Each structure stands twice: as C-alpha cells, then as structure tokens.
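I have placed the structure first, in the form of structure tokens, so that the comments after it can refer back to it.
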Amino acid sequence: MLRSIQFLGSYSGLFFHRLKLHGNHQALSFISLSSSRTPLLTSSRTPLCFHQFRASSIGSESNPDVASSSSSSPSSATFRPSGTSRRINFCQLCGGPTKHEIPDGEEKERAICTLCGKIAYENPKMVVGCLIEHDNSILLCKRKIQPSYGLWTLPAGYMEIGESATEGAIRETWEEAGAKVEIISPFAQLDIPLIGQTYIIFLAKLMTPHFSPGPESSECRLFALDDIPYESLSFSSMLVTLKLYIEDIKVGKPKFHYGIINKRPGTSPSDIHAYTLDYHLRS
Ligand SMILES: [Zn+2]
C-alpha cells in the first residue's frame, strides 16, 4: 500500500523518538470551532511532548532554498540545489542593493542591505488545510490555477499573518471548496525542507452538506476511499496525507503523523511520487 513511501528511522546517530500521546490520541482536541473564528484548545490530560532530535544527515536539507511565492498556492516554488541561498539583490525595506555575507555570530550567508544594514532572513512557509471526511468519502478540489492545473488537492493554502493554523485551514476550505467545516483534530505535519514549506493538515467535517468550487477550483467532489485519484493528485504532500489517512482507516482510527518529505535526487518536482517520507512519527 505504501510502497512509494519509505519509513526511515534508523540512521546512525539519529535520536529517533516515536511520538506518543500516552494512550489516547484525542488528548489534544479542539472544541467549538463552529461558532467562532477563535479556536479553543482543550487542555491535554498529558502534555503533548515532542522530543527534540537532530541528525547530521539532514543538516544540508534544512535550508529553505526556495524562491518563495507570495501567492496562495503551495508548492509553486522553484528552488536551487540544497546548500545555496536564494539571491536577494535588493533590500525589501529601503530598496538598497544587498551584499551576500555571513553576518557576525551566524553561520549562514544572508543578503545584507548595503544602505540600511537590514539582514534578509528567510523562513519556511506554513501551508494549512483540511482533510474532510463525509460519508466515508474525502472532499477534493480540482485546481483551476497553476501549478498543477487540473489536478486534485485537499483544500489548503498559505497561512496568513494574524490567523491561526486552524483559522487558515477553515478559510482555505471555504475559499477553495465553498465548504464550512469544523475541525476535528490535527492529522499531519509534513515538512518539505527543500522548498521551505511545512504542511499542517487537520481532519475536519462538513457543518452542512454543501460545497462548491471557489475561484481557484474547477470542481469539488467527494471521493470514496477506494476511488482516490492517486495519479491525478497535485502535490506529494497531498499524496502522503491521503495514503497515511487511508492506511490508518484500514486498521482503525486516524492517528497523528509527523514526517519529512524529501524529494528523490534527480527527479522532477512535478513527479509527486518521487519522494521518501523520512522521520515518520505517529501517535
Ligand atoms: Zn535597506
């Protein structure tokens, strides 16, 4: 089932900890998202504890060497090989020319304004979305925009400043699928270091059985789990999310997943099947 996903957790020198929610993955839950834009997080009986880990094997992959787009479409970036920095030639604050040096006390080369001295720090972007369950089916949207025009995706997009991840996921779902949803639980956090993106996908349910394509979608449709269009999905992150979900459903209830999606070297960004899922942790 998961033949295209490689679960790697045995690197030499890697401190690999399995995420454990102490017997009840619903210890972390959301309530009453339907009546307010302010999500309420219930207190956990046992704190969710992520053990920090670090491995030298991912050091070179942790640089978001991406020409990040400001559009709402995830995975639209072109990127340079890992280890190089994006070329920022002008200061975003004053417009002055930049120089590329390692600032004092730091380790990575940055673009530094030669006029005002502002250092351009680039950080990963957060993509949030919903995996909507309805009558044993999943709601997918067919993209009407590039990249991945005509391919299917979960409703998802870049988080905006000033909103929470849950608010962003609900907003994106409304914008792309015309669906009002209630968040049930977090389902997956998937990091894609190569392009500087982190996906947070929530399980959600329809508040009303209505949906319709928004401006970025040509069609929205409920797919039975056996009919997921794996060959027509938009992004590796969506493929991973759906495979993990269906795998969970086959053996019980959805868990919470963390993983790093690494593109296989030498493969095309458009080949969404050419990846490995590394450091896969699950509740
Ligand atoms: Zn400047």
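Residue by residue through region 252-280, note down the ones that are aliphatic (A, V, I, L, M), at pLDDT 95 or above and surrounded by fewer than 21 Cβ atoms within 10 Å (Cβ to Cβ).
Of all residues in region 252-280, those aliphatic (A, V, I, L, M) come to 260-261, 272, 274, 277.
With the extra rule that they be at pLDDT 95 or above, the set shrinks to 260-261, 277.
Of everything in region 252-280, nothing turns out to be aliphatic (A, V, I, L, M), at pLDDT 95 or above and surrounded by fewer than 21 Cβ atoms within 10 Å (Cβ to Cβ).
Among the candidates 161, 195, which residue alone is free of Cβ contacts under 8 Å to residues at least 24 places away in the same chain, aliphatic (A, V, I, L, M) and out of contact with any Lys or Arg (no Cβ under 6 Å at 6 or more places or on another chain)? Can you show your working first?
Details: 195 fails: free of Cβ contacts under 8 Å to residues at least 24 places away in the same chain.
So the residue among 161, 195 that is free of Cβ contacts under 8 Å to residues at least 24 places away in the same chain, aliphatic (A, V, I, L, M) and out of contact with any Lys or Arg (no Cβ under 6 Å at 6 or more places or on another chain) is 161.
Of all residues being under 17 Å from residue 196 (Cβ atoms) and small (Gly, Ala, Ser) in region 98-122, which is surrounded by the fewest Cβ atoms within 10 Å (Cβ to Cβ)? Just the residue, please.
120
Is there any pair linking a residue in region 99-123 that is without any contact (Cβ under 8 Å) to a residue 24 or more places away in the chain to one that is assigned to a loop (DSSP other than H, G, I, E, B) and among the β-branched types (Val, Ile, Thr), with Cβ under 9 Å and at least six apart or on different chains, and which?
Pairs found: 99/114; 100/88.
This table checks each residue for (1) in contact with a helix residue (DSSP H, G or I) (Cβ under 6 Å, 6 or more places away or on another chain); (2) within 16 Å of the ligand (Cβ to nearest atom); (3) not in a loop (DSSP other than H, G, I, E, B).
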residue: 95; (1), (2), (3): no, yes, no
residue: 100; (1), (2), (3): no, yes, yes
residue: 111; (1), (2), (3): no, yes, yes
residue: 126; (1), (2), (3): no, no, yes
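Using the structure shown, decide if residue 185 is part of a loop (DSSP other than H, G, I, E, B) and either touching a residue at least 60 places away in the same chain (Cβ under 8 Å) or within 16 Å of the ligand (Cβ to nearest atom) (or both).
Numbers: part of a loop (DSSP other than H, G, I, E, B): no; either touching a residue at least 60 places away in the same chain (Cβ under 8 Å) or within 16 Å of the ligand (Cβ to nearest atom) (or both): yes.
In short, no.
Does residue 184 satisfy being surrounded by fewer than 22 Cβ atoms within 10 Å (Cβ to Cβ) and closer than 19 Å to residue 124 by Cβ?
Working: surrounded by fewer than 22 Cβ atoms within 10 Å (Cβ to Cβ): yes; closer than 19 Å to residue 124 by Cβ: no.
Judged against the criteria, residue 184 is not a match.
Against the conditions (1) more than 22 Å from residue 165 (Cα to Cα); (2) among the acidic types (Asp, Glu); (3) at pLDDT 95 or above, where does residue 191 fall short? Just the number, please.
Failing condition for residue 191: (1).
Anything in region 219-240 that is touching a residue at least 24 places away in the same chain (Cβ under 8 Å), assigned to a helix (DSSP H, G or I) and out of contact with any Phe, Trp or Tyr (no Cβ under 7 Å at 6 or more places or on another chain)? List them, or say none.
Narrowing region 219-240 to residues touching a residue at least 24 places away in the same chain (Cβ under 8 Å): 219-225, 228-229, 232-240.
If we keep only those that are assigned to a helix (DSSP H, G or I) too, we end up with 225, 232, 236-240.
225, 238, 240, listed by residue number.
For residue 175, which of the numbered conditions (1) in a loop (DSSP other than H, G, I, E, B); (2) over 29 Å from residue 280 (Cα atoms); (3) of a type outside the set (A, V, I, L, M, F, W, C) fails to hold?
(1)
The values are calculated or read from the model by the stated rules, or taken from the named source; none is laboratory data. All values derive from a computational prediction rather than experimental measurement. With ideal geometry, Cβ positions are generated from the backbone for all residues, glycine too; neighbour counts draw on all protein chains shown.
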